[in-house]
Amino acid sequence: MNILHRKEIQHVLALGGGGARGLAHIGVLKVLQREGIEIKGVVGTSMGAIVGAMFAYYGDALEVEEIIRKFLGSKFHEKFGKTFFVLSENPDVYREPGKIIKRLGDGFIYLKAASKKAIFSRDILTDTLGFLLPDVQFKEMRIPFACISTDIMSGKEIIFKSGRLMPAVIASSSIPGIVEPFRTSGSLLVDGSTTSAVPVAAARKIFPGKLVAVDVSMELKRDEQPSTALEIAMRANEITSFHLNQVQLAGADVVIHPKVGRTNWANFDKLDEMIRTGEIAARKSLPQVKKHN
């Protein structure tokens, strides 16, 4: 009798950043939806904010997948996407600065990084999100949603949960140095991953319930030994970020880790692979997700 009248679990999702690796969120969402697990709140950062906002608005993981497929096959992505995502976390690119210039096709863009706040204007991100989402209010979402950004001046994490959706998601997804920061009332906002790769703490503040975090950060393992000062500095930063992320993830009830390996954040042509890894990880975590504490 107690089992029959057991209180429904209030599931809340915290979706992390990771560029193309964040496509694995779609696979996780598809499995949760297929299993009839109702989501009572979604909090995202960076790519997790984009996929999370889409899911919270459309209310259907399959529709999210369809729209993203259309975008990746669109003329807009063909024209702008490949240039926008050319700078990557792949150390091989940074070993030879000339490779960046060659791939960008214009040395001026490389030089721009040294004199401007970002390589690309915010317009390219605005246009991309305009393809994926309508410019609605937070209150119009089918599922309660929030996303986070970072004030590059104060270092504080900024939580968006009301007002217009589009500026909030843009602020959450503005990769430092790549996309110009988002200015608002005395703050200079950049990608939320700067403070929280997975927005566990923010999700705890906003929504009550069983918190399921989805972490799509790269694996720490690397076979090659760093051989330059820049590679060593990048590796040290990667290690710091990894351990900070582990501390933050400890605040979740369940952590789903899709096996994204060291997939480049710019590698959006791995859509099918990333979705599949998300589905596999979610299925393995279902017993924990469904378990009543």
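Things worth noting here:
- Total residues in region 26-45, condition in contact with a helix residue (DSSP H, G or I) (Cβ under 6 Å, 6 or more places away or on another chain) and closer than 18 Å to Phe138 by Cβ: 4
Okay, residues lined up against (1) in contact with a Ser or Thr (Cβ under 7 Å, 6 or more places away or on another chain); (2) touching a residue at least 60 places away in the same chain (Cβ under 8 Å); (3) not aromatic (Phe, Trp, Tyr):
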{"position": "Phe138", "(1), (2), (3)": "yes, no, no"}
{"position": "Asp151", "(1), (2), (3)": "yes, no, yes"}
{"position": "Lys156", "(1), (2), (3)": "no, no, yes"}
{"position": "Val169", "(1), (2), (3)": "no, yes, yes"}
{"position": "Pro176", "(1), (2), (3)": "yes, no, yes"}
{"position": "Thr184", "(1), (2), (3)": "no, no, yes"}
{"position": "Ser187", "(1), (2), (3)": "no, no, yes"}
{"position": "Val190", "(1), (2), (3)": "yes, no, yes"}
{"position": "Thr195", "(1), (2), (3)": "yes, no, yes"}
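- Of the residues making up region 47-102, those that are at pLDDT below 55 and either surrounded by fewer than 16 Cβ atoms within 10 Å (Cβ to Cβ) or among the basic types (Lys, Arg) (or both) number 10.
- Given (1) at pLDDT below 95; (2) of a type in the set (Gly, Ala, Ser); (3) open to solvent by 20 Å² or more (accessible area, probe 1.4 Å), number of the condition Ala118 does not satisfy: (3)
- Test set (1) surrounded by fewer than 21 Cβ atoms within 10 Å (Cβ to Cβ); (2) in a helix (DSSP H, G or I); (3) modelled with pLDDT of 65 or more - Ile37 fails condition number: (2)
- Residue selection: Thr228 fails the criterion of being closer than 19 Å to Gly52 by Cα and polar (S, T, N, Q).
The values are calculated or read from the model by the stated rules, or taken from the named source; none is laboratory data. Just so it is clear, the model here is predicted, and its values are computed rather than measured. No Cβ is skipped: glycine too gets one built from the backbone with ideal geometry, and neighbour counts run over all protein chains shown. These accessible areas exclude ligands, DNA and RNA; they are computed on the full protein's heavy atoms, side chains included. Shrake-Rupley method; radii C 1.70, N 1.55, O 1.52, S 1.80 Å.
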